[in-house]
Ligand SMILES: C[S@@+](CC[C@H](N)C(=O)[O-])C[C@H]1O[C@@H](n2cnc3c(N)ncnc32)[C@H](O)[C@@H]1O
């Protein structure tokens, strides 16, 4: 059911609206290479390519999603889709991308810290990571710990602490109130190391 919802054009347009709001928060002109993690049917990836002429690779672990992305979006030299696992971005060299974005993906990944470590590895210094996802309270994370083998269970603090410990800073944050979980959008920037 979630797949049907996220694959809808309406949901894709919401992701585009979100990105357009965020554009003002960072230096869009510094972005050439983009990695979209868990791209689904590729609506956001295609938008970034078309509107900003960015070189975009969309990856998804589900071959069906990548098949749909290839059917619905016009692949070209600077817009590609590929089956890959966010926790093992073996195809990519270190420090390749200026921007990584994931919308509603990390809550599907039990080993979410591995996905964040991979994002760190493939992002350039001063590169950006847009996290947009469900987060849970610390108490819910504790209560539902037995489910953490199937889902990504984390609080917003878990995400920010992990990334801050790994050399990122927050440059923008917004949250929408929800009942059981909160949807957070956080833009991180990787610090420059000397
Ligand atoms: C809820 S959908 C969101 C799709 C899209 N980002 C959007 O917002 O419309 C989650 C997507 O993440 C993908 N996914 C789940 N685990 C993944 C992993 N380990 N690596 C890459 N993609 C993954 C799923 O196959 C699915 O397409």
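Looking across region 92-105, the residues that are within 12 Å of the ligand (Cβ to nearest atom) and either assigned to a loop (DSSP other than H, G, I, E, B) or surrounded by fewer than 13 Cβ atoms within 10 Å (Cβ to Cβ) (or both) come down to 104, 105. Considering only residues in region 81-91 that are touching a helix residue (DSSP H, G or I) at 6+ places or on another chain (Cβ under 7 Å) and outside any strand (DSSP E or B), the one that is farthest from the ligand (Cβ to nearest atom) turns out to be 89.
Scanning region 140-194 for residues that are modelled with pLDDT under 90, part of a helix (DSSP H, G or I) and surrounded by fewer than 14 Cβ atoms within 10 Å (Cβ to Cβ) gives 142, 143, 145, 146, 147, 149.
Screening residue 73 with (1) more than 8 Å from the ligand (Cβ to nearest atom); (2) closer than 26 Å to residue 29 by Cβ; (3) buried (at least 21 other Cβ atoms within 10 Å of the Cβ); (4) under 17 Å from the mean Cα position of the chain (by Cα) gives one miss only, at (4). Only one of the listed residues (28, 119, 43) is more than 19 Å from residue 167 (Cβ to Cβ) and at pLDDT 95 or above. That residue is 43.
Within region 126-139, track down each residue that is surrounded by fewer than 20 Cβ atoms within 10 Å (Cβ to Cβ) and within 20 Å of residue 87 (Cα to Cα). Scanning region 126-139 gives a single hit, 134. Of the candidates 44, 89, the single residue that is under 16 Å from the mean Cα position of the chain (by Cα) and under 26 Å from residue 174 (Cα atoms) is 44.
For every residue, the table says whether it meets (1) free of Cβ contacts under 8 Å to residues at least 60 places away in the same chain; (2) crowded, with 22+ Cβ neighbours inside 10 Å; (3) near the ligand (Cβ under 10 Å from one of its atoms).
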| position | (1), (2), (3) |
| --- | --- |
| 6 | no, no, yes |
| 20 | yes, no, no |
| 28 | yes, no, no |
| 35 | no, yes, no |
| 43 | yes, yes, yes |
| 51 | yes, no, no |
| 58 | yes, yes, yes |
| 61 | yes, no, yes |
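The values are calculated or read from the model by the stated rules, or taken from the named source; none is laboratory data. In this text, all values refer to a predicted model and were calculated from it rather than measured experimentally. We place every Cβ from the backbone using ideal geometry, glycine too, and count neighbours over all the protein chains shown.
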